[in-house]
Structure formats: C-alpha cells, structure tokens
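Colleague: Got a structure for you, written out below as structure tokens; questions coming shortly.
The values are calculated or read from the model by the stated rules, or taken from the named source; none is laboratory data. These numbers were taken from a predicted model, which means no experiment stands behind them. All Cβ positions, even for glycine, are placed from backbone atoms using ideal geometry, and neighbour counts span all protein chains on display.
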Amino acid sequence: MNELEQLQDGITKNKKAIFSALSVLNVGEVSASYSGSGDSGSINDITFWIKNKKTKKFEQVFDWKKICGKTPKITITEINHSWGSTQFQLESKEKELDIYEAVETYLYQVLESRHPGWEINAGSNGDFQFFVEDNKIDWSHCTMIEDYETSTL
C-alpha cells in the first residue's frame, strides 16, 4: 500500500470510528463549516444534533457534560503527511480526542486529501453535513479564483 492509499485508508477508518461513536451518543446530525484564504483557514463551527427520545425532534448539543457527564472521547488515527526532500512522507498514530477535536481532525484530513492548499491565496469555503443514520456526509465546497486579464485595445 503506497502513502496515498494509507492516507485514504486512515480517513476511511476515522469516518467509521466517528460515525460509530456518534450513533452510540444518539447524534443524528453534525454540521460544520470552514473558510480559508491568504494562507490560513479553519473549521469554523461544529454543531451536534441529538434526537430527543420523547419528541423525536433534533436538539442542538451545547454541553456534553449535561447529557452524558463528560465530553465523549473517540480514538482516531492522526495522520500527518508532508513532502520530504524527495518524496511524500506519511506518519500516523492512534490518538484519543474529544468528540469536537476528533471531528475537526477528520474534516481537516478530508479537506487536505481532496483540496490540498484549500486555504491558499483566494482560498475556499464550504460546509459539511453528517447524516449519522444514513452513514453519509454531504459536502459543499467553493474554491475562490483570482482572475486577472490584461488587454490592449
């Protein structure tokens, strides 16, 4: 397995670990947004929605400690990749993170694997929507483009 296949394998395993934990926690949906430009960017908001067992409606989670006594932890594979002097280098290790950090780490991994440099120059922005019951993530991504034109008339 080459480094890119290892990276994708780690991302796939992380998705499974996160969705498994979210299901146990009765989380129905997760939403997150991101934006970046000028060589910096960030995941801006991660919101968890649990299904109220009585009303069957989704309610936003503001404090995990009120729901389950503590902020839940998830073990995921932390993947660091970079270009060495002559080749792609990949380092991975198992790490226990709280639920927010785990989802944020996963989203950065997905962003970097699909849109490397998403935060460079004019940058990009987007939204993720997790649907736990369906085991899927809808992703909207917008790449900003700088366009210059010079003409002689």
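Colleague: Please determine whether any residue of region 39-49 is crowded, with 17+ Cβ neighbours inside 10 Å, closer than 15 Å to Glu133 by Cβ and in contact with a helix residue (DSSP H, G or I) (Cβ under 9 Å, 6 or more places away or on another chain).
Modeller: Yes: region 39-49 contains one or more residues that are crowded, with 17+ Cβ neighbours inside 10 Å, closer than 15 Å to Glu133 by Cβ and in contact with a helix residue (DSSP H, G or I) (Cβ under 9 Å, 6 or more places away or on another chain).
Colleague: Then there is this: Give all pairs with beta carbons closer than 8 Å in which a residue from region 129-142 that is on the phi > 0 side of the Ramachandran plot meets a residue that is surrounded by 14 or more Cβ atoms within 10 Å (Cβ to Cβ); count only pairs at least 6 apart in sequence or on separate chains.
Modeller: Asn135/Phe19
Colleague: Out of (1) surrounded by fewer than 14 Cβ atoms within 10 Å (Cβ to Cβ); (2) touching a His at 6+ places or on another chain (Cβ under 7 Å), what's the single condition that is false for Glu149?
Modeller: (2)
Colleague: Take the residues in region 110-153 that are under 13 Å from the mean Cα position of the chain (by Cα) and β-branched (Val, Ile, Thr); name whichever of them is farthest from Leu22 (Cα to Cα).
Modeller: Val110
Colleague: I've got another one for you. Starting from region 89-116, keep only residues that are closer than 16 Å to Asp138 by Cα, then list their pairs with residues that are among the charged types (D, E, K, R) whose Cβ atoms are within a distance under 7 Å, requiring at least 6 positions of separation or different chains.
Modeller: What qualifies is Tyr106/Lys15.
Colleague: Please go through region 114-134 and pick out each residue that is loosely packed, with under 13 Cβ neighbours inside 10 Å and modelled with pLDDT of 95 or more.
Modeller: Scanning region 114-134 gives a single hit, Asp134.
Colleague: Going by what's in this entry, would Asp98 be described as among the acidic types (Asp, Glu) and exposed (fewer than 10 other Cβ atoms within 10 Å of the Cβ)?
Modeller: No: the conditions fail for Asp98.
Colleague: While we're here: I'd like to check something: does region 8-30 contain any residue that is within 22 Å of Asn125 (Cα to Cα), at pLDDT 90 or above and not charged (D, E, K, R)?
Modeller: Checked against the condition, which is being within 22 Å of Asn125 (Cα to Cα), at pLDDT 90 or above and not charged (D, E, K, R), region 8-30 yields at least one hit.
Colleague: For region 67-81, state whether one or more residues are touching a Lys or Arg at 6+ places or on another chain (Cβ under 7 Å), of a type in the set (Ser, Thr, Tyr) and without any contact (Cβ under 8 Å) to a residue 40 or more places away in the chain.
Modeller: yes
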